[in-house]
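Chemist: Below: one structure in structure tokens.
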Amino acid sequence: MLKSTKMALLGAALIGSSLATQAHAETTLNALFMAQAAYSEADVRAMTEAFTKANPDVKVNLEFVPYEGLHDKTVLAQGSGGGYDVVLFDVIWPAEYATNKVLLDISPRVTDEMKKGVLPGAWTTVQYDGKSYGMPWILDTKYLFYNKEILEKAGIKAPPKTWDELAEQAKTIKDKGLLATPIAWSWSQAEAAICDYATLVSAYGGKFLDNGKPAFQTGGGLDALKYMVSSYSSGISNPNSKEFLEEDVRKVFENGEAAFALNWTYMYNLANDPKESKVAGKVGVVPAPGVAGKSEVSAVNGSMGLGITSTSKHPDEAWKYIAFMTSQPVQNQYAKLSLPIWASSYEDPAVIKGQEELIGAAKLGLAAMFPRPTTPKYQELSTALQQAIQESLLGQAKPEDALKTAAENSGL
């Protein structure tokens, strides 16, 4: 009797263990990513496959949306009880996401190795009010790309160091008949335009907010918009810039139709790929220029992080996935698409090889990253500024008036 009871208990234990294993094996994470820039969809799938191979008890469902849909998709899913465990988020959203409890504070999960190894500037991407709401994943700023061959034909010996020099060089190229509109920008009525504007605000020593109130309508903020309008109305910039997003800028540059373009890191290796680009081998890159007497270089913080939603039922597995995706080996493996968040990676010959020029520009640009305003009302502020930029470019309002209206409509 005792023996059969023992056998029954053992059998029950084995069944229980088997069921537990099955239950564990069925942990499924839903992750939301961006379908453009930095890492491609294929790369994110390859990284995820490597993770699930190492963690067979976790399955990851991937969803990709354009950048423009990333914020709303995250917030709407949250309102309906949550559909995602892991979400990609922009540097501009932690204040809103923390205030509205969209993301978990993962500060207790961050190891000493992570704290010491990740570049200090990268951490600012995911932090708000002293807490971390994810791990930095895409470390990015905008650089000035230039076509070496066109500059050479124009007799220009070095790329511009100031924004005024950029305008002068573009005019020289235009006057010599080499290109009708030498500069391409992403000034569509979208966040892309705010990134270009923020780069210029940083160059002119301006600020978005002062004690939480709008401060962009005077000083460097006004100078930045005036520069954009001047570049546009003088005919040195592609007139379609007012509708361009970053991918449009990349295509125009890769077709040899722009001598200069402001864009993110990812364009460097794509524009140098002969299968992708007509200008492969002719691509130069430097930090975005400065303003005489005010700045040496300019840069916007365009980084992004991976966070765990507050509605996730699997926060431990979600963190394991994020720790893998942001780990130094994975970041180094894909360094041709997005530069690593880890400080020591910049001394790694495998990371540097073939992109020495980009790494040189990155060391200066990443150190000068200027933040877009940290406020829970960022979306309203950005929308108001996008409208101000568009109206100014189209000549519907003077920069002073457009920015004054934007300040009034910012919700701050």
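What follows is calculated from the coordinates using simple rules that are stated; it is not laboratory data. All of these numbers come straight from a predicted model, not from anything done at the bench. A quick note on method: Cβ atoms are made from the backbone with ideal geometry, for glycine too, and the neighbour counts reach across all protein chains shown.
Chemist: Report the one residue of Ala95, Ala167, Gly83 whose Cα lies farthest in the direction of the positive end of the charge dipole of region 63-187 (charges on C-beta: Lys and Arg +1, Asp and Glu -1; origin at the Cα centre).
Modeler: It is Ala167.
Chemist: Let me ask you something else. Can you divide the C-alpha Rg of region 222-308 by 2.2 N^0.38 Å and report the result to two decimal places?
Modeler: Ratio of Cα Rg to 2.2 N^0.38 Å: 1.24.
Chemist: Counting pairs of alpha carbon atoms under 8 Å apart in space and at least six apart in sequence, what relative contact order in percent does region 190-253 give?
Modeler: 27 percent
Chemist: For labels at Asp273 and Asn240 in the simple 7 Å Cα→Cβ model, what's the distance in nm?
Modeler: According to this spin-label approximation, the distance is 2.1 nm.
Chemist: Taking a temperature of 20 °C and a viscosity of 1.002 mPa s, what whole-number D in µm²/s does Stokes-Einstein yield for region 341-412 with Rh from Kirkwood over alpha carbon pairs?
Modeler: Result for D is 141 µm²/s.
Chemist: Now for a different question. Which residue, Glu113, Glu26, Glu356, has the most motion in a Gaussian network model of the chain that connects Cα atoms within less than 10 Å?
Modeler: Maximum among the listed residues: Glu113.
Chemist: Rounded to whole Å and sorted largest first, what semi-axes of the equivalent ellipsoid does the C-alpha gyration tensor of region 284-412 yield via the square root of 5 times each eigenvalue?
Modeler: Result for region 284-412: semi-axes of 34, 25, 11 Å.
Chemist: Radius of gyration and Dmax for region 200-263's Cα atoms, expressed in Å?
Modeler: Values for region 200-263 (Cα only, Rg and Dmax): 14.3, 45 Å.
Chemist: Next up: With the crude spin-label approximation of a point 7 Å out along Cα→Cβ, what separation in nm comes out for Glu400 versus Ser230?
Modeler: It is 1.6 nm.
Chemist: Oh, and also: Can you give me the long-range amide H partners of Val300? Hydrogens built in the peptide plane at 1.01 Å from N, cutoff under 5 Å, separation of 5 or more residues or another chain.
Modeler: Hits under the 5 Å cutoff: Lys142, Phe370.
Chemist: Continuing with this model, one more query. Which order do Glu357, Glu391, Glu408 fall in if you start with the one that has the fewest other Cβ atoms within 10 Å?
Modeler: Least crowded to most crowded, the residues run Glu408, Glu357, Glu391.
Chemist: Kirkwood hydrodynamic radius, computed over distinct alpha-carbon pairs, for region 85-201: how many Å, to one decimal?
Modeler: 17.6 Å
Chemist: State, to one decimal in nm, how far the label point of Asp129 lies from the label point of Asn55, with both points 7 Å from Cα in the Cβ direction.
Modeler: 2.8 nm
Chemist: Local charge sum around Ala224 (other residues, Cβ-Cβ under 14 Å, Lys/Arg +1, Asp/Glu -1)?
Modeler: Every neighbour counted, the sum reads +1.
Chemist: May I pose another question? What percent do you get for the relative contact order of region 312-407 when only Cα pairs under 8 Å and 6+ apart count?
Modeler: 14 percent
Chemist: Please report the relative contact order for region 152-220, taking Cα pairs under 8 Å with a sequence separation of at least 6, and give it as a percent rounded to a whole number.
Modeler: 16 percent
Chemist: To the nearest 20 debye, what is the magnitude of the charge dipole of region 205-281 about its Cα centre, counting +1 on the Cβ of each Lys and Arg and -1 on the Cβ of each Asp and Glu?
Modeler: 220 debye
Chemist: Ok, one more. Could you give me D for the chain, from Stokes-Einstein at 20 °C and 1.002 mPa s, where the hydrodynamic radius is the Kirkwood radius over C-alpha pairs? Units µm² s⁻¹, please.
Modeler: It diffuses with D of about 94 µm²/s by this estimate.
Chemist: Taking only DSSP H segments of four or more residues, each worth -39500 (n - 2.57), what value at 222 nm results for the chain once the sum is divided by all its residues, to the nearest 500 deg cm²/dmol?
Modeler: Here the helix-only value at 222 nm equals -13500 deg cm²/dmol.
Chemist: Roughly how many whole Å is it from the C-alpha centroid of region 389-404 to that of region 142-169?
Modeler: 28 Å
Chemist: Rounded to whole Hz and in sequence order, give me ³J(HN,Hα) for region 258-273 from the Karplus expression 6.51 cos²θ - 1.76 cosθ + 1.60, θ = phi - 60°, writing x for Gly and Pro.
Modeler: Once θ is set to phi - 60°, the couplings for region 258-273 become 9, 8, 9, 8, 9, 7, 6, 3, 4, 5, 4, 6, 5, 5, 9, 8 Hz.
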